[in-house]
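S.K.: Below are the structure tokens for one structure; questions will follow.
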Amino acid sequence: MASIITNSAAMTALRSLTLTNNNLEKTQSRISTGLRVATASDNAAYWSIATTMRSDKSALSTVKDALGLGAATVDVAYTGVNAAIETAKEIKNKLVAARQPGVDRAKVQTEITELQNSLRSAADSSSFSGQNWLAVDSSASDYNATQTIVASFTRSGGAVSIGTISINVGNVKLFDDNDQSGILDAEDTTTNGGVAYSVFTLDISALGNGDDDIADLEQMISWVDDSISSMTDAAANLGSAKQRINTQKDFVQALTDAIDSGIGALVDADMTEESTRLQALQVQQQLGVQALSIANQSSQTILSLFR
């Protein structure tokens, strides 16, 4: 039935054209953003998962930064310990030289005193971002014998947890201003002279060539050698911590890349597919416009019947 009130053909063509335009708009949005799931209305489940994964990726980026900061702190401490080892070796050499009878031990002590000052300077200078693990004060309110470095961010069943790498500062500190329990300021007492000393405070200027004085001097040499051994262990511990931090940094980077890939699989648009769809929809749009134009012309045909 031909009607000038209800044009069914035009209505059908309009609906088809509207659907084509909606699909075309969606495809153009995917091409412009590169995402097939840009909002929750596109796919609520995928959008929710991707949003959570992006949040976790951001947290992992912060973990990577924290690992870098921790690695730098460990590096500074290791450098300080290594410098102290070399200085302590020089002190031991001076003591060995002073063991020879006839050596002016007062003059040797002048050199040792300068080396001792270098030990303290190396420890005090080994600070990074306000943290110094070599020269500490265990009585300070913010002192913690175990320092932790943020190493991981984990999500399990909706709950999150932070993993850390722990470093025992008590095993690497060289000076402790509170109780002199560091490697270099811990005191021993000479067997014969009964004099308390540490690597940092030992003084041979008053020692003579008597058997007791020589025995005390040899005890000091042994004590310095023990301190070198302890610092070597401390440097090894710091080196192991640095290696673990580097390994964790590599893992966090790999995990971040994996999360990126996972997010992409969920929400990224296939640009090859979308470009093909765009071409098809543009053809459909042109055909829809022509179909609607033809349907609208049917009313003009009816007019010819009344002429």
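S.K.: Please work out which residue is surrounded by the most Cβ atoms within 10 Å (Cβ to Cβ), limiting yourself to region 107-153 and to residues that are among the aliphatic types (A, V, I, L, M) and within 17 Å of residue 76 (Cα to Cα).
M.R.: Step one: filter region 107-153 for residues among the aliphatic types (A, V, I, L, M), giving 108, 112, 115, 119, 122-123, 134-136, 140, 145, 149-151.
Still in the running and within 17 Å of residue 76 (Cα to Cα): 119, 122-123, 134-136, 149.
Values: 119: 25, 122: 22, 123: 27, 134: 31, 135: 22, 136: 24, 149: 22.
So, considering only residues that are among the aliphatic types (A, V, I, L, M) and within 17 Å of residue 76 (Cα to Cα), the one surrounded by the most Cβ atoms within 10 Å (Cβ to Cβ) is 134.
S.K.: If residue 27 passes every condition in (1) buried (at least 16 other Cβ atoms within 10 Å of the Cβ); (2) in the same structural domain as residue 116 (by TED's automatic domain parsing) but one, which one does it miss?
M.R.: (2)
S.K.: Considering each of 260, 270 in turn, give the residue that is at pLDDT 90 or above, acidic (Asp, Glu) and either buried (at least 17 other Cβ atoms within 10 Å of the Cβ) or farther than 30 Å from residue 182 by Cα (or both).
M.R.: Answer to the selection: 260.
S.K.: Among what's in region 94-105 and is part of a helix (DSSP H, G or I) and surrounded by fewer than 15 Cβ atoms within 10 Å (Cβ to Cβ), pick the residue that is farthest from the chain's Cα centre (by Cα).
M.R.: Ranking the qualifying residues of region 94-105, first place goes to 97.
S.K.: Among the candidates 60, 24, single out the residue that is part of a helix (DSSP H, G or I) and in contact with a Ser or Thr (Cβ under 6 Å, 6 or more places away or on another chain). Break it down stepwise before answering.
M.R.: Values: 24 fails: in contact with a Ser or Thr (Cβ under 6 Å, 6 or more places away or on another chain).
The match here is 60.
S.K.: Taking the criterion of being under 21 Å from residue 235 (Cα atoms), more than 21 Å from the chain's Cα centre (by Cα), at pLDDT 95 or above and not in a helix (DSSP H, G or I), would at least one residue in region 128-135 satisfy it?
M.R.: Within region 128-135, one or more residues are under 21 Å from residue 235 (Cα atoms), more than 21 Å from the chain's Cα centre (by Cα), at pLDDT 95 or above and not in a helix (DSSP H, G or I).
S.K.: Taking residue 36, is it surrounded by 14 or more Cβ atoms within 10 Å (Cβ to Cβ) and of a type in the set (Lys, Arg)?
M.R.: When the stated conditions are applied, residue 36 passes them.
S.K.: Restricting to region 16-62, give me the number of residues that are without any contact (Cβ under 8 Å) to a residue 12 or more places away in the chain and small (Gly, Ala, Ser).
M.R.: Summing the residues that are without any contact (Cβ under 8 Å) to a residue 12 or more places away in the chain and small (Gly, Ala, Ser) in region 16-62 gives 9.
S.K.: Which condition does residue 282 not pass, out of (1) under 52 Å from the mean Cα position of the chain (by Cα); (2) in the same structural domain as residue 123 (by TED's automatic domain parsing); (3) not hydroxyl-bearing (Ser, Thr, Tyr), if it passes all the others?
M.R.: Condition (2) is where residue 282 drops out.
S.K.: Could you tell me whether region 237-258 includes any residue that is farther than 23 Å from residue 174 by Cα and not in a helix (DSSP H, G or I)?
M.R.: no
S.K.: Out of (1) at pLDDT 95 or above; (2) within 22 Å of the chain's Cα centre (by Cα), what's the single condition that is false for residue 231?
M.R.: (2)
S.K.: Quick one: which residue in 83, 59, 13 is at pLDDT below 90, on the phi < 0 side of the Ramachandran plot and of a type in the set (A, V, I, L, M, F, W, C)?
M.R.: Residue meeting the stated conditions: 13.
S.K.: Turning to a different aspect of this structure: Scan region 16-35 and tell me whether some residue there is of a type in the set (A, V, I, L, M, F, W, C) and more than 28 Å from residue 292 (Cβ to Cβ).
M.R.: yes
The values are calculated or read from the model by the stated rules, or taken from the named source; none is laboratory data. All figures in this text were calculated on a predicted structure; none of them were measured in a lab. Counting neighbours? That spans all protein chains shown, and the Cβs are built from the backbone with ideal geometry, glycine included.
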